[in-house]
Amino acid sequence: MNDVEAMWQSWLSGLTSSKRAAAESLRRQYEALGVADALEWVRSEIDENQPQLARFVLLRSLWRGAIDGWAAPGALEQVAAARRLLDAGADRDDLVLLARAIAYEAVFAAVDELDCGGDVNLSGVDVGWAVMESGEDGCSTGRPLSGLHEDLLTMDPSGRDGADMWR
C-alpha cells in the first residue's frame, strides 16, 4: 500500500458508515473521470460539505469546450477573421494559442463574476445570483459552487495549468 492509499484508508476509518460510502462513491466517480488522485477533492466534499465533484465537472467542461475547443480541426476556420488570417499565411498554432488564451480570459471573467454573486459596481439594485449544485433530478441540493475562478487553471488536461497559452 502506497502513502496516498494509506492516508485514504486512515481517513476513511474515521468516518461514519454513510460518509465512508459517500467518499468511496465520490472516489469511484473521480476515477471514472480520469482523476488519479482525488483524495483532496473527496475530503473537501465530505469534511467541508463542498460540492467539489460538481465544481470539477463544470470547470473541466468549460476548459474542454470553451478553451481547448479551439484546437479542434476546423474550429478556427469557422471564424471568418481567422480564415482570412490563415489564408494570409498566419501560423495556425499561433492562432489556436491566441483563441485559447482569449477564451480562457473570457471564461475566467465569467466564473469570477459568478463567484462575486452580484455586480460590485452597481448600487441601489437588490439582485444577485448563485451557482448551485443540482442532483440527478435537476433540483438544487442547496450547496453553492463557489470559488470557481480559483481552480480554472487546474483543469488544463495537459497538466501545465495553461502555461502554454502565454508562451
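Just a few scattered comments:
- Backbone amide hydrogens, once placed in the peptide plane, bring Glu133 within less than 5 Å of Thr141, Gly142, Arg143, Leu145, excluding anything fewer than 5 places away on its chain.
- Highest-MSF residue in the chain out of Ala80, Ala110, Ala54 [GNM, Cα springs under 10 Å]: Ala80
- Highest-fluctuation residue, Arg100, Arg43, Arg83 considered, GNM on the chain with Cα pairs under 10 Å: Arg83
- If you plug the beta carbon distance of Glu48 and Asp93 into 1/(1 + (r/R0)^6) with R0 = 41 Å, you get a FRET efficiency near 0.50.
- As a length-normalised measure over Cα pairs under 8 Å and 6 or more apart, the relative contact order of region 75-161 settles at 18 percent.
- Atom-type composition of the exposed protein surface of the chain places 53 percent of the accessible area on carbon and sulfur (1.4 angstrom probe).
- Average accessible surface for the chain: 60 Å² per residue, computed with a 1.4 Å probe over protein heavy atoms with every protein chain in place.
- Hydrodynamic radius of region 28-104 per Kirkwood, over alpha carbon pairs, in Å: 14.7 Å
The values are calculated or read from the model by the stated rules, or taken from the named source; none is laboratory data. All of these numbers come straight from a predicted model, not from anything done at the bench. Counting neighbours? That spans all protein chains shown, and the Cβs are built from the backbone with ideal geometry, glycine included. Just so you know, the surface numbers come from the protein's heavy atoms only, side chains and all, with ligands and any DNA or RNA stripped out. Shrake-Rupley method; radii C 1.70, N 1.55, O 1.52, S 1.80 Å.
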